[in-house]
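Participant: Here it is, the structure in full.
The values are calculated or read from the model by the stated rules, or taken from the named source; none is laboratory data. From a predicted model like this one, the values you see are computed outputs, not experimental measurements. Ideal geometry is used to build each Cβ from the backbone, glycine not excepted, and the neighbour counts take in all protein chains shown. Please note that ligands, DNA and RNA were not included when accessible areas were found on the heavy atoms of the full protein model with its side chains. Shrake-Rupley method; radii C 1.70, N 1.55, O 1.52, S 1.80 Å.
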Amino acid sequence: MNSNEKLLREGFQKCQEITRKFGTSYYFATQFFPREVRLAIYAIYAFARIPDEFVDNPDNLDAAIARKQIEEFRENWRIAMNQKSSDDAILLAIAETFHKYKIPQADGEAFFDSMLQDTEKMTYANYAELEKYMYGSAGVIGLMVTRIVGYSSDEAFKHALQLGYAFQLTNFLRDIREDWDIRQRVYLPQDELAQFGLSNSDIANHRHDEKFIALMKFQIERNREIYRESLKGIPMLKFRGRTAVKISHVLYAAILTEIEKLNYNVFKQRARTSFSQKLRLSAKAFFNG
């Protein structure tokens, strides 16, 4: 094994560690991918997670510093992409994955654009505006995974975008308190808050009453509808990846049920599924196709 191969192996191992540490449900689902695909998925997760940590790390509340970190990482990624090489093991694994699966560099650029937006934009006027942000923050990740898994129809990409949006919306609902407490950021569309007689100050004050519950019911129903639409794309994926994507779908959607079990009080505790729930839900997804 030459030095480049050794560094590449190290890079994929580090990407796996990042996925295991930060993406509990995501990492669980990746175990159902074949090894080659699994390594590429780890690389894409690390590509997304590292800049996301710059933005959301509670130990770094300086937006200017976060922006500088993102821009530096982006530039180093661009160099690795152009040279098809890097001295950084993680960037080497990421660039290798982008090139091997012919992932457009534009998809990566769109992701960085959204991460930079997170350093300066704290609210979204309406859902259409939020969806534009989600295209870069989550939709393009779905497109990348689709290329890695393989597909039989270009129609798969439309549904991959939907699944990315569904995952992102679930994160938003689960993390309402965390997003406010760390960055005073509200991803719930402002016009929808107003529709239910609420405002950002209610989020800041952790208001949990009939109005907030009604808002959450509305948000969860839309989220579930997007999950339902995204399911149509799974049969369009190559067989080697269908099970893992379906399990990801089921595990993330289950977080919505956990929010309901908390009576929608996401301010009280973080909704999550237990390991035993993950096993049960995965088995159900596996045997139901």
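Participant: How much net charge surrounds Gly136 when only other residues with a Cβ under 13 Å from its Cβ are counted (Lys, Arg +1; Asp, Glu -1)?
Facilitator: -4
Participant: Right, another one. Just to confirm the number: angle between the C-alpha axis of helix 35-56 and the first principal axis of the chain, 0 to 90 degrees, nearest 10?
Facilitator: 50
Participant: Taking the solvent-accessible surface of protein heavy atoms with a 1.4 Å probe, what is the per residue accessible area of the range 1-74 in Å²?
Facilitator: Normalised by residue count, the accessible surface of the range 1-74 is 53 Å².
Participant: In percent, what relative contact order does the range 190-289 have, based on Cα pairs under 8 Å that are 6 or more apart in sequence?
Facilitator: 26
Participant: Run lengths n ≥ 4 of DSSP H only: what is the helix-derived mean residue ellipticity at 222 nm for the chain, with -39500 (n - 2.57) per run over all residues, to the nearest 500?
Facilitator: -23500 deg cm²/dmol
Participant: Okay, next question. Could you work out how far helix 3-22 tilts from the main Cα principal axis of the chain, as a 0 to 90 degree angle to the nearest 10?
Facilitator: So the helix axis and the longest Cα principal axis differ by about 10 degrees.
Participant: Sum up the charges of everything whose Cβ sits under 15 Å from the Cβ of Ile70, counting Lys and Arg as +1 and Asp and Glu as -1, but leave Ile70 out.
Facilitator: Every neighbour counted, the sum reads -4.
Participant: A 23 angstrom limit on the alpha carbon distance is what I want to check against. Which of Lys217/Lys238; Lys261/Lys284; Lys217/Lys261 exceed it?
Facilitator: Lys217/Lys238
Participant: While we're here: Could you do me a favour and compute the accessible area per residue for the range 130-289, 1.4 Å probe, result in Å²?
Facilitator: 44
Participant: If you take the alpha carbon radius of gyration of the chain and divide it by 2.2 N^0.38 Å, what ratio comes out, to two decimals?
Facilitator: Computed over Cα atoms of the chain, the ratio equals 1.00.
Participant: Starting from the amide H of Tyr124, placed 1.01 Å from N in the peptide plane, find each other amide H under 5 Å away whose residue is 5 or more places distant or on another chain.
Facilitator: Residues meeting the criterion, in which the H sits 1.01 Å from N, are Gln190.
Participant: Would you mind checking Lys246/Lys278; Lys100/Lys158; Lys68/Lys121; Lys84/Lys158; Lys84/Lys246 for any pair whose Cα atoms are more than 24 angstrom apart?
Facilitator: Pairs exceeding 24 Å: Lys84/Lys158; Lys84/Lys246.
Participant: Next up: Where the accessible area of the range 183-289 is counted over protein heavy atoms with a 1.4 Å probe, how much of it, in %, is carbon and sulfur?
Facilitator: Of the solvent-accessible surface of the range 183-289, carbon and sulfur hold 55 percent.
Participant: When the accessible area of the range 38-166 is computed with all protein chains present and a 1.4 Å probe, what percentage of it is carbon and sulfur?
Facilitator: Answer for the range 38-166: carbon and sulfur cover 48 percent of the accessible area.
Participant: Would you pull out the residues with amide H under 5 Å of Tyr151's amide H, same chain only if 5 or more places away, H placed 1.01 Å from N?
Facilitator: Lys238
Participant: Calculate how steeply helix 155-174 sits against the longest principal axis of the alpha-carbon atoms of the chain, using the helix alpha-carbon long axis, and give the answer as 0 to 90 degrees to the nearest 10.
Facilitator: 50
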